[in-house]
Amino acid sequence: QMHLVESGGGLVQTGGSLRLSCTSPETKFPSLAVSWYRQAPGRQREFVAFILSTGATNYAESVKGRITISRDSAKRTVDLQMNSLKPEDSAVYYCNVRIGSTDSWGQGTQVTVSS
């Protein structure tokens with residue numbers, strides 16, 4: 001299990017922006033694919049975006065054009081820049097790393113978008 005810590009959540013109005021960050025003290029973190037997921041109350045956890053060590057990215061259709069994932073290997077962070085936020089983006093956002101069949105998750109950071 002890897003230690004992952006998310007930060008940057010908060011309350012924002014519709015149309016606003018937030019920047020989430022996932023960090024890990026693990027030296028191998030920059031070489032791993034990192035994903036962001038989110039979970040709203042009463043709903044299943046859903047994929048948001050991932051980034052490979054190469055910088056290649058992929059996004060859920062629901063967030064394309066509004067959310068950008070990036071990484072800073074020197075700082076061992078993976079950020080999620082979220083713009084044009086909607087109330088349906090409200091959820092707890094989790095950082096994820098999978099090594100083999102083992103998933104590591106952070107504690108999550110709450111994002112609330114008011115209408």
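Things worth noting here:
- Evaluated at q = 0.11, 0.13, 0.21 Å⁻¹: base-10 log I(q)/I(0), Debye formula over Cα of the chain: -0.31, -0.44, -1.14
- Nearby lysines by direct alpha-carbon distance to Lys86 (threshold 20 angstrom, same-chain neighbours under 8 apart not counted): Lys64
- GluC sites (Glu not before Pro) within region 1-92: DSSP coil, no more than 16 neighbouring Cβ in 10 Å: Glu26, Glu61
- Largest GNM mean-square fluctuation among Ser62, Ser21, Ser90, using the chain with Cα springs under 10 Å: Ser62.
- Residue-normalised accessible area of the chain, expressed per residue, 1.4 Å probe, Å²: 52
- Cβ-Cβ distance of Trp105 and Arg66, R₀ of 25 Å, FRET efficiency by 1/(1 + (r/R0)^6): the value works out to about 0.60.
- Accessible area of the chain belonging to carbon and sulfur atoms, whole % at 1.4 Å probe: 48
The values are calculated or read from the model by the stated rules, or taken from the named source; none is laboratory data. Computed from a prediction, not measured in an experiment: that's the story for all the values here. Please note: Cβ atoms are built from the backbone with ideal geometry, for glycine as well, and neighbour counts cover all protein chains shown. SASA here: full protein model, heavy atoms, side chains in, ligands and nucleic acids out. Shrake-Rupley method; radii C 1.70, N 1.55, O 1.52, S 1.80 Å.
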